[in-house]
Structures are given as structure tokens and as C-alpha cells.
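Encoded as C-alpha cells, the structure appears first; notes follow it.
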Amino acid sequence: MEGAVHVNAPTANIHFMIEFLLITLTDISNHSIPHDKLNDILAHTGALTREISIAVRELEESSSNKENIKDANATANFLPKIEQMKGYLKPIFLKAPDLSQLCFPRGDGLLFMNLLLRHLNDLFNSNASSVALIKQEIGIVKEDLEFLRLSLWKVRQSMDNNGLLKDIWRRALDAAYETEHVISSILGRDNGLSHLVFSLPSIIDKIKLIVAEITCLQREDIAKKGDPLDTNSSDEPIEPNSPSFVDVTVGFEEEAAWIIDQLMDGPTLDVISIVRMPGLGKTTLANKVYKKRIIDRHFNVRAWCTVPQKCNNSKVLQKILDEVTSPKDKEREGDKDDIAEELRRELYDKRYLIVLDDVWDIATAEMLIACFPKVERGSRIILTSRSSQVAMKVKCDSDPFYLQLLTPDKSWELFEKMVFGEASCSDGLLEVGQKIVEKCQGLPLAVALIAGVMRRKEKKKDSWLEILDNLKYFAFENEEQMMKRFPNLQHLQCTIKEPMDPSIDCNWSPKLDVFTKLESLVASFESDKYSGGIPPPREYHFPSSLKELRLYNCPLRPALLSAIAGLPDLEILGIGVSYFVEDEWDTSDDTFESLKILSFKNVHFPGTWQVDKETFPKLEQLILELCNELKEIPSAFGDISSLKYIHVADINGDLGDSAIEIKDDVAAITGEERLDVHVSDKYYHMGEKVSINECL
């Protein structure tokens with residue numbers, strides 16, 4: 001805007017606080033408040049006024065020092081205090097204004113929408129102190145109403161014959177009138193605090209729901225015949241700050257509050273990781289936090305970057321650099337190091353928030369985070385990833401946040417809100433609707449996808465039953481049903497993942513015994529042990545047909561070892577890079593009746609290993625590599641007549657010496673050299689990467 005005066009971040013924050021206090025004091029005079037509560041309010045207001053006075057004086061004293069102005073330390077705590085003050089005032093005298101009684105004109109709605117958007121644009125570009133407090137909200141409403149106006153303008157000729165479009169336009173126009181009324185009331189300090197706390201957030205949510213509805217219509221039209229509602233015909237992915245980015249997730253209030261606390265707590269740089277499988281709403285939750293007004297005002301600069309799986313580091317850094325600098329500085333050339341160094345310089349004297357969305361690997365995460373300066377200004381990085389290993393590798397202070405599946409109640413709440421809006425599901429559709437939601441298995445994006453399709457379907461039971469019947473082709477009740485589709489499977493290599501939710505039932509081990517013809521199984525266990533408190537399975541289910549079993553990265557629990565011992569045809573057992581959970585492995589009560597080859601490689605053994613000569617009656621080969629905690633091989637192995645070969649890869653020599661001792665004892669007792677022992681000092685360095693097959 002021509003002639004506008006630049007306002008730096010500390011000055012802007014002071015403007016926010018002054019305007020908030022003025023609105024508060026004006027509203028107090030219009031209400032009857034108990035004497036003791038009034039004194040408390042005035043005491044809070046007086047304390048904040050003194051802090052503002054001190055901040056102004058410090059800014060005046062440091063005005064000659066450019067770096068001090070950028071620091072903004074003097075006003076760092078004002079924005080959270082505004083939110084605290086709102087929370088304190090709510091129960092005392094604030095209540096939500098009733099906008100339903102307002103009568104809005106039904107004249108030329110499009111003309112009013114155009115005039116309102118022009119007015120909102122002028123307010124957004126204004127540096128008036130009275131606008132500073134709600135400038136962020138004005139920007140959000142302006143973008144969303146512009147999106148609605150352009151979308152509905154393209155289909156205006158169809159509106160008379162389309163009841164759904166006509167209803168959307170009516171609701172959009174009502175929201176526009178309410179926006180004008182509320183913003184004018186706040187700026188004019190007419191019941192301004194109540195409108196600020198209740199009405200404005202409510203209107204933003206209402207407009208977002210209409211935007212979501214239009215966006216779903218666009219997606220459905222794309223699938224059918226192109227996109228007549230599309231306002232820009234762009235093939236670019238929707239960015240989180242786009243007005244058509246739909247926040248479809250409910251029930252994330254506590255999660256968002258926790259993340260906000262981590263973002264605003266402490267001066268040192270911290271990485272807040274959001275981890276979970278695809279479809280649970282990691283990006284949606286991050287975006288929900290990213291768009292919060294308190295977050296926008298707390299940080300000097302923010303940037304959002306979705307990291308591609310095949311990451312071009314230079315392009316990612318350039319995108320972040322473009323977002324944290326002014327438009328006139330966006331054209332740059334140079335190699336990766338130049339961009340990284342320039343990004344460091346740009347962020348060095350600022351409190352920044354960077355979102356790295358969907359990071360796939362540790363190397364990319366470490367490289368990107370290394371480019372951000374570690375200065376004590378309270379800066380933060382939000383990282384979303386499917387991998388808990390990535391999150392733990394870049395962890396600073398905050399533990400990774402493991403996003404959970406939606407509960408059945410929250411899944412239904414999201415579905416009902418998207419399909420029926422403010423209304424409720426009828427009793428006649430309730431049962432079939434809940435069965436449809438169950439098919440989504442707690443995945444928010446699956447709920448949103450199905451709800452988006454069903455919103456335009458007839459609200460009739462037959463129509464919904466048809467949809468439920470169609471879902472059986474791509475949704476299963478559980479993994480057991482899915483596995484039953486492969487009855488003749490003989491060889492399987494798979495990864496078994498422990499759940500992240502500590503409250504999950506202790507029967508999470510996959511029921512592999514449905515593979516009744518399976519002969520060979522190689523299973524790698526992926527443990528999200530950093531989430532903590534995961535209960536072990538009560539039972540393990542292996543097919544009795546197994547002849548070969550190889551386990552990698554596995555916690556060796558008594559229940560698992562007993563289940564393995566019970567496999568009647570198992571001939572080969574190989575275990576690699578694993579550990580015994582208990583301090584003792586007593587196999588004297590178990591019988592591995594068909595086992596011929598037993599192999600342990602890089603296994604953390606317990607202090608005691610009890611073996612009876614009947615434990616492995618048909619064993620022919622025993623292989624022990626890098627089992628450093630195991631000091632000796634149980635002497636009972638010398639009593640196994642079928643044993644022909646012992647191989648030991650030993651670092652300290654004790655295990656090899658015990659193998660040779662067993663060989664000598666067998667020779668002395670039988671008078672035969674029937675047992676071959678091979679001792680080697682070959683081993684893998686702990687930092688060396690080896691394949692599963694090498695470990696097994």
C-alpha cells in the first residue's frame with residue numbers, strides 16, 4: 001500500500017497488546033461485574049500496562065541499534081498473555097453474542113461480497129493500530145471469501161436449478177454479512193471483546209466448512225468431467241496455506257495444545273516430531289498448529305516445506321529461503337552451500353518456525369536441520385515423518401509425538417460433521433453409517449474421503465447399504481481376513497511392527513497360523529520402543545507347517561520361545577540382532593523336536609542358559625556369532641548324539657574355549673572325533689551395516 005509505514009515486530013506486538021487492553025477496558029464498563037472480580041481484572045490490566053511501558057522504554061533506548069530492534073525480546077511474552085487474559089475473562093463476564101437474530105438484506109449479494117472484499121483488503125494493508133489485533137484473521141477471511149466468490153461465480157448460471165449450490169451461496173453470503181458486522185464491532189469497540197473471543201473464531205470456522213464443501217464438490221467433479229468449480233485450473237498440489245486446504249480432523253485439540261506448549265517453551269532450538277503411518281493426519285495436525293494466531297505472532301518468520309521422497313536439497317533450502325525473505329530478495333543463484341549459508345544468515349537474528357513435512361530418511365532430516373542456526377531465541381522445527389527412527393535421530397529436547405488412530409466416537413463425529421454439517425444423522429441411517437465408519441479403521445483421511453463421497457448421495461438407507469457393500473472390496477475387518485486370501489503361500493518374508501499405542505490390546509501379534517502351507521518365514525521386527533509402555537503379546541501364532549524360521553531384531557520373550565519350541569516340523573531356527581528379555585533362558589522344559597540347525601548371530605544373551613539333553617534331540621549344527629554376553633556353551637550340548645558341528649565367532653575367546661572343551665569331552669567319552677568345532681575371530685563392527693541374510 002502506497003505510503004504505508006513499516007512496523008517492526010516488537011512495535012507490532014505492542015500495538016496488539018494496547019488494542020486488546022483498550023477493547024477490554026471498554027467492554028468492562030458495559031457489564032455488571034462483582035467487585036472482587038473487577039479488582040482482579042484491573043490488577044491484571046495494570047500489570048500488563050506496566051510491562052508495555054517498560055517495553056516501549058527499552059525500544060526507545062535501543063532504537064539506534066538495529067540488531068536490538070530485531071531481537072524482540074522485550075515483547076516475547078505479550079502474545080501468550082493475551083490468550084491467558086482471554087481465558088481468565090471468559091468465565092467472569094464474557095458470553096457469545098447471538099448473531100442469529102440479526103437481519104441481513106437480501107439484495108445484490110454479489111455486489112456486497114465485492115465491496116466487503118475490497119474493504120477487507122484495505123484493512124489488511126492498513127498499519128492502523130486498531131486493526132493490528134485482528135489482521136491475521138482478516139487475512140484468513142479475505143482469502144477464503146475470495147475463494148468462495150470466484151468458485152460460485154463460475155457456476156452462477158447453474159445456481160437457479162441447483163439447490164445445493166444455491167444453499168451454499170446463501171450460507172456464504174450470510175457468513176459475509178456476519179463478518180462485516182463482527183469486524184466493525186471489534187474495530188468500533190462495540191461489545192468488541194466478546195466478538196473477538198467468540199464470534200470471529202466461529203465465523204472463520206463457519207467459512208472454512210463452506211470452503212471444505214466447495215473443495216469436495218471440486219474433487220468429485222474432477223473425477224467425473226473435469227472441474228467446472230476450479231478457480232485456477234492448476235495442477236500444483238494444494239499447499240497448507242491455501243484457502244482450499246481443508247482441515248478435516250476433529251479431536252486434535254489436546255494434541256495441538258501439547259505441540260503449541262512445546263513450540264513456545266524454552267529459548268533453545270527444539271525439534272517437535274509428529275510420527276505415525278500415512279492417513280492419520282500428521283500434516284493436518286501440523287497445519288492446524290501452524291495457522292494458529294498465537295503461533296503466527298510468536299515467531300518472527302515461518303516457513304512450510306513438504307520434503308519429496310527423492311529430495312533435492314538445494315530446491316528444498318531455496319523454497320524455505322524464499323518463504324522467510326521479502327519478495328524482492330527471492331531471485332538468487334548459487335550452489336547448495338551458498339543457499340545454506342544465506343539461509344543461516346537470514347534466520348540468525350530471528351525467532352523462526354520451520355515445518356519439514358513428510359521427511360523420509362535420517363540423512364535428509366539431518367542435512368536440512370543442520371542449516372538452521374542454533375541460537376537461543378526460542379526457534380522451533382516441526383517435522384512430520386512415518387519413521388520413528390528419523391524422529392529420534394533429530395530429537396533435541398521434546399520427545400516425538402506419536403499420533404494415534406481416531407477413537408470410534410471421534411471417527412463418527414468427523415463423519416457426521418462432514419456429511420450432515422450442523423445437523424445430526426437420522427436414526428434410520430445410524431446403524432449403517434456406523435458400520436461404514438468402522439471400515440475406515442480410525443484413519444481420519446479415510447473417514448474424510450468416504451464422507452466427501454457420501455455428502456452428495458441420497459440420505460436413504462438403500463443408498464448407504466450399497467456403499468457399505470462396495471467397501472468390502474478394499475477394506476478388511478482385520479489382517480487375518482486379508483491373509484486368508486493366500487491359502488497356498490509357502491515362503492514369506494515380512495516386517496512385524498509393534499503398535500505405538502500403549503493402550504492397545506495385548507493380542508497384537510499377527511495370526512500367521514492362517515498360512516497353513518507356509519514352510520519358510522523370515523520376519524523382521526520393527527519396534528517403536530521410544531513410545532514406551534507397549535505391552536508384549538499374550539500369544540504368538542506360527543503355522544505348524546513351518547520348517548524354517550528366521551527372526552531379526554526381535555525381543556526374545558518366554559512366550560515367543562515356547563511358541564517356537566511347539567512347532568513340530570521346524571528344522572532351521574536362525575535369530576539375528578536380537579535380545580533376550582528375561583535374565584535366564586531355561587529350555588529344560590521345552591523340546592525342539594525336529595530342529596537340526598540353531599543359529600544365533602549378534603544376540604544379547606541372558607546371564608544363564610539352561611539346556612537339557614532332550615531339549616534339542618535332533619540338533620546337528622550350532623552356530624554362535626557375536627554373542628558376547630554368553631561366556632560358555634552349556635555342557636549339555638555334548639550329550640546330544642546327533643550334534644556334528646559347532647561354529648563360534650568369538651571376540652574374547654571364552655566361548656570358543658568352551659566349544660573346544662565340549663569337543664574334547666565328547667572325544668574322551670565316546671572315543672570318536674565325531675564333533676567338528678570351528679572357532680573364528682571374524683565379526684561385524686557394531687557400526688557396520690549388514691543385511692538381514694548376513695545376520696541370520
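Each value in this text was obtained by applying a stated rule to the coordinates, not by laboratory testing. Bear in mind that the values here come from a model prediction, so they are computed numbers and not experimental data. Note: ideal-geometry Cβ built from the backbone for every residue, glycine included; neighbour counts use all protein chains shown.
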Inset, instruction - Quote to one decimal, in nm, the extra length available between Glu593 and Lys631 on full extension: 0.36 nm per residue of separation minus the C-alpha distance between them. - result: 11.1 nm
Legend entry - Residues Asn162 and Thr495, FRET efficiency given R0 of 56 Å [Cβ-Cβ distance, rounded to 0.05]: 0.70
Legend entry - ³J(HN,Hα) computed for each position of the stretch 605-610 - Karplus, 6.51 cos²θ - 1.76 cosθ + 1.60, integer Hz, glycine/proline x: 7, x, x, 10, 10, 9
Legend entry - Rough spin-label spacing in nm, given labels placed 7 Å along Cα→Cβ, for Asp361 and Thr407: 4.0 nm
Legend entry - Under 5 Å, built H, 5+ apart or other chain: amide partners of Ile382: Ile272, Ile354, Val355, Leu356
Inset, instruction - For Phe124 and Asp462, calculate 0.36 nm times their separation in residues minus their Cα-Cα distance, and state this gained length in nm to one decimal. - result: 116.7 nm
Inset, instruction - Enumerate the calculated ³J(HN,Hα) couplings along the stretch 386-403 in order (Karplus 6.51 cos²θ - 1.76 cosθ + 1.60, θ = phi - 60°), each rounded to whole Hz, writing x wherever the residue is Gly or Pro. - result: 7, 10, 5, 5, 4, 4, 5, 5, 9, 4, 10, 10, 7, 5, x, 9, 8, 6
Inset, instruction - Could you tell me which of the pairs Lys282/Lys310; Lys439/Lys461; Lys291/Lys439; Lys291/Lys350; Lys37/Lys206 are separated by over 28 angstrom between their Cα atoms in the structure shown? - result: Lys291/Lys439; Lys37/Lys206
Inset, instruction - Calculate one ³J(HN,Hα) per residue across the stretch 192-206 by plugging θ = phi - 60° into the Karplus curve 6.51 cos²θ - 1.76 cosθ + 1.60, and present them in order as whole Hz with x for glycine and proline. - result: x, 5, 5, 5, 5, 7, 10, 5, 5, x, 5, 5, 4, 4, 4
Inset, instruction - Sticking with the crude label model, points 7 Å out along Cα→Cβ, report the distance from Ser562 to Ser314 in nm, one decimal please. - result: 6.1 nm
